[in-house]
Amino acid sequence: QVQLVESGGGLVQAGGSLRLSCAASGRTFSSYAMGWFRQAPGKEREFVVGISESAGKTYYADSVKGRFTISRDNAKRSVSLQIDSLKPEDTAVYYCAATKRYGSTLPAAFDSWGQGTQVTVSS
């Protein structure tokens with residue numbers, strides 16, 4: 001497994017941007033597909049975006065297409081999430097996670113999780 005630590009969250013006005021980062025430890029990082037999830041208060045954890053092991057493929061939840069961009073750097077063992085045109089409904093704790101099953105959107109399919117980083121969007 002890999003250990004994951006997110007950073008980059010904060011308070012931002014609607015329409016603004018944030019860049020979230022996820023640092024991984026462990027030499028097997030490049031063998032995992034990665035994903036970002038989010039969880040708003042009182043709601044289920046939901047899939048946001050995923051990226052393949054080599055970064056050649058990505059897939060997005062419909063609600064964030066065109067505003068969220070995922071990338072990864074295997075040499076640096078990191079994954080980033082660029083969030084543009086933020087909306088109040090994007091307010092949530094954002095988690096990065098690792099899976100051996102590229103294409104998965106269910107939390108149960110992901111083996112390792114970070115502790116989360118809070119994103120708050122004010123209107």
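The values are calculated or read from the model by the stated rules, or taken from the named source; none is laboratory data. All of these numbers come straight from a predicted model, not from anything done at the bench. In this analysis, Cβ positions are derived from the backbone assuming ideal geometry, glycine residues included, and neighbour counts consider all displayed protein chains. Accessible surface is based on the protein model in full, side chains and every heavy atom, while ligands, DNA and RNA are left aside. Shrake-Rupley method; radii C 1.70, N 1.55, O 1.52, S 1.80 Å.
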- Query: Is it the case that some residue within the stretch 51-64 is under 15 Å from Thr117 (Cα atoms) and not aromatic (Phe, Trp, Tyr)?
  - Reply: no
- Residue ID - modelled with the lowest pLDDT, chosen from residues in the stretch 50-82 that are assigned to a loop (DSSP other than H, G, I, E, B) and either open to solvent by less than 60 Å² (accessible area, probe 1.4 Å) or under 12 Å from Trp36 (Cα atoms) (or both): Ala55
- Which of the residues that make up the stretch 32-49 are open to solvent by less than 60 Å² (accessible area, probe 1.4 Å), in a loop (DSSP other than H, G, I, E, B) and of a type outside the set (Phe, Trp, Tyr)? Ala40
- Looking at the stretch 32-41, which of its residues are closer than 16 Å to Val93 by Cα and at pLDDT 95 or above? Gly35, Trp36, Phe37, Arg38, Gln39, Ala40
- Quick one: in the stretch 1-31, which of the residues that are more than 18 Å from Val93 (Cβ to Cβ) and among the hydrophobic types (A, V, I, L, M, F, W, C) is farthest from the chain's Cα centre (by Cα)? Ala14
- Item | Residue under evaluation Ser123, criteria (1) open to solvent by 30 Å² or more (accessible area, probe 1.4 Å); (2) closer than 17 Å to Phe29 by Cβ, criterion not met | (2)
